[in-house]
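The values are calculated or read from the model by the stated rules, or taken from the named source; none is laboratory data. All of these numbers come straight from a predicted model, not from anything done at the bench. As a convention, Cβ positions derive from the backbone with ideal geometry for all residues, glycine included, and neighbour counts pool all protein chains shown. Note: areas computed on protein heavy atoms with side chains; ligands, DNA, RNA excluded. Shrake-Rupley method; radii C 1.70, N 1.55, O 1.52, S 1.80 Å.
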Amino acid sequence: MWARRLPKGAQNVLFMLYEQFLMPVLALFHSRAVYPYNTASVLGSLHPGSLLIVHDFIPNRKGDKSKVARYVRFTQCVHAALGRDVACVSTATYRVAQKLKAFSKSRRMVLPNGFWTFRAAIKGLSFPQGDQVLLCTGVGQNKDLRGALDLYASFLANRRIPVALLGLAGDTAITQRWLAEHPDIDPTLIRVLPRLTDREVVEAYMRSRWVWVHSRNEGYGRSIAEAKCCAKYTIATNIPPFRDQKDHTVQLYGDSQSFAQAVHVIEGIDRSALPPQEPAEDKLLARNLRQWLKAGL
């Protein structure tokens with residue numbers, strides 16, 4: 001928790017030191033070692049039981065010259081050259097890996113996100129449905145927060161539908177700049193949620209009118225699955241991982257016209273009658289993880 005107070009650059013250095021040096025030492029005492037987010041220890045990849053979890057290939061774009069992206073690509077290159085195991089967090093990411101012929105020497109599998117902790121936080125909770133839309137977003141370029149706010153201004157603001165932004169941990173910089181450029185928008189309609197506990201996140205979902213997930217690029221749509229757990233309908237951008245999660249509770253859009261249509265559909269149905277869903281990801285994760293643990297080194 002104390003590290004959250006450090007500058008982002010210092011956090012990245014601490015993470016690198018932990019992953020590159022401490023993790024491979026700890027792995028010596030175990031038959032398996034899991035590197036859970038896109039990167040692996042160079043020394044750790046020498047361990048035959050090491051597993052790299054790939055969430056997306058966003059940092060793998062050649063045009064990204066940032067230090068973080070270079071670090072991701074370098075560690076993945078070493079892991080791939082040694083043919084160590086790789087797991088993708090979604091079938092969409094798995095398809096991208098196949099298309100790019102990434103990790104061709106590795107044993108590849110799908111290990112989706114699990115929702116046991118999230119579902120445990122839901123047990124026993126019940127909140128009345130509120131009026132605000134819950135926009136699941138972030139500060140990364142792929143989240144396209146300004147694009148989402150522009151859609152809000154075009155289709156929701158005139159109906160005075162409030163929106164709460166989840167994923168910014170209280171950072172209002174982007175929204176404040178956007179509001180300054182849109183003086184016609186009532187600023188009280190847009191609320192940035194602070195950093196929340198698991199229970200508070202569940203409450204934010206349950207108290208929402210419906211859930212909105214806007215992104216240009218993702219490895220997986222965790223917010224869509226969480227909305228289903230909380231018995232909420234979702235409007236989301238029409239990108240491959242979101243299409244994999246499409247069902248009767250999810251409306252997809254690719255432009256302003258289809259967004260307006262999605263809003264019309266969601267607003268025209270009885271949203272209170274939707275039951276919570278058990279994520280299919282939990283079953284797939286348990287099955288594939290058991291197979292990996294049983295596989296010979």
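Here the sum of -39500 (n - 2.57) over DSSP H runs of 4 or more residues, divided by the residues of the chain, equals -11000 deg cm²/dmol at 222 nm, to the nearest 500. Normalised by 2.2 N^0.38 Å, with N the number of residues, the alpha-carbon radius of gyration of region 182-297 equals 1.27. Projecting the alpha carbon convex hull of region 28-185 along each direction and taking the average yields 13.4 nm². Each residue of region 34-48 was assigned a 3J(HN,Hα) from its phi angle through the Karplus expression (A = 6.51, B = -1.76, C = 1.60, θ = phi - 60°), giving 10, 9, x, 9, 6, 10, 9, 6, 4, 5, x, 5, 5, 5, x Hz with x at Gly and Pro.
Peptides 82-88, 113-119, ordered by how many other C-beta atoms sit within 10 Å of their residues on average, highest first, read 82-88, 113-119. Accessible surface for the chain, divided over its residues, is 52 Å² per residue with a 1.4 Å probe. Highest average first, the peptides 255-265, 225-235, 206-216 ordered by how many other beta carbon atoms sit within 10 Å of their residues are 225-235, 206-216, 255-265.
Computed about its Cα centre, the charge dipole of the chain is approximately 1160 debye, with only Lys, Arg, Asp and Glu carrying charge at their Cβ.
Within region 14-116, the percentage of alpha carbon pairs spaced more than 19 angstrom apart rounds to 40%. The accessible surface of the chain, taken with every protein chain in place and a 1.4 Å probe, is 57 percent carbon and sulfur. Proximity of backbone amide H atoms, modeled 1.01 Å from N, is registered between residue 236 and 213, 251, 252, 253 at under 5 Å, excluding neighbours fewer than 5 places apart on the same chain.
Couplings for region 266-276, taken from phi via the Karplus curve 6.51 cos²θ - 1.76 cosθ + 1.60 with θ = phi - 60°, read 5, 6, x, 10, 7, 7, 6, 8, 7, x, x Hz in order; Gly and Pro are left as x. When the distances between all Cα atoms of region 116-278 are binned every 5 Å from zero, what whole-number percent does each bin get? Reading upward from the zero bin: 2, 9, 20, 23, 23, 16, 7, 2, 0. Taking 19 Å as the cut-off, the amide N atoms of region 216-246 that come nearer than this to a point 7 Å along the Cα-to-beta-carbon line of residue 270 belong to 231-234. Pairs from the list 65/228; 62/294; 67/228; 99/123; 101/232; 143/228 with a Cα-Cα gap above 31 Å: 65/228; 62/294; 67/228; 99/123; 101/232.
From largest to smallest, the equivalent ellipsoid semi-axes obtained for the chain from the alpha-carbon gyration tensor read 36, 22, 19 Å. For residue 188 and residue 11, the FRET efficiency from 1/(1 + (r/R0)^6), where r spans their Cβ atoms and R0 equals 25 Å, is about 0.15.
Under 13 Å from a point 7 Å along the Cα-to-Cβ line of residue 248: which residues of region 112-156 have their amide N that close? From region 112-156, the list is empty.
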